[in-house]
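Report on the following structure.
Nothing in this text is a laboratory measurement; each read-out follows from the coordinates by a stated rule. Just so we're clear, the structure is a prediction, and the values are computed from it rather than from any experiment. All Cβ positions, glycine included, derive from the backbone under ideal geometry; neighbour counts span all protein chains shown.
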Amino acid sequence: MDNRGVPNDLASTDPVQQRLTDLRNGLLQHHKILLDSERDSYEHEIGKITSSGQLLQLVIHDPWFAWLHEISELIVFIDETLESKEPLPPGEADKLIQQARTLLIPAEEGEEFARRYDQAMQRDPDVVIAHGRMVKLLAKLREG
């Protein structure tokens, strides 16, 4: 692992791979904040989560957390892309950055992720702050 928490085999001097690594790290931090927010909301509405194992089972199986799977799947796809021995197809980083940008648009009405993301932003200032960081990161990566 390097000092950013990225496995050494994912660290790269290739600017395209670096953009994807930065995207991955930003999404991973964002996912943690969203997960923490959803955990707090779940505990307020349903009941205390007593262990990390219980939380993992809820995240995997409970509909309450299902909306977060979209961001998890994007992170996994980016990891797989970074780990691939094949060179990145032209424009692949731009496509993934755009996919993240599109995913992280909160909306009162629309797809489930957008609705639930909007709800998280309405109830949790930490999510709003994290969203601002992601917007800045995505803008920076778009320029790269």
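Here are a few things to note about the model shown:
- Residue count, the stretch 80-106 (criterion: without any contact (Cβ under 8 Å) to a residue 60 or more places away in the chain and closer than 18 Å to His31 by Cα): 8
- Hits in the stretch 111-144 - residues which are surrounded by 13 or more Cβ atoms within 10 Å (Cβ to Cβ), assigned to a helix (DSSP H, G or I) and acidic (Asp, Glu): Asp118, Asp126
- Of the residues examined, Leu55 is not one that is within 21 Å of Gly132 (Cβ to Cβ), surrounded by 17 or more Cβ atoms within 10 Å (Cβ to Cβ) and not small (Gly, Ala, Ser).
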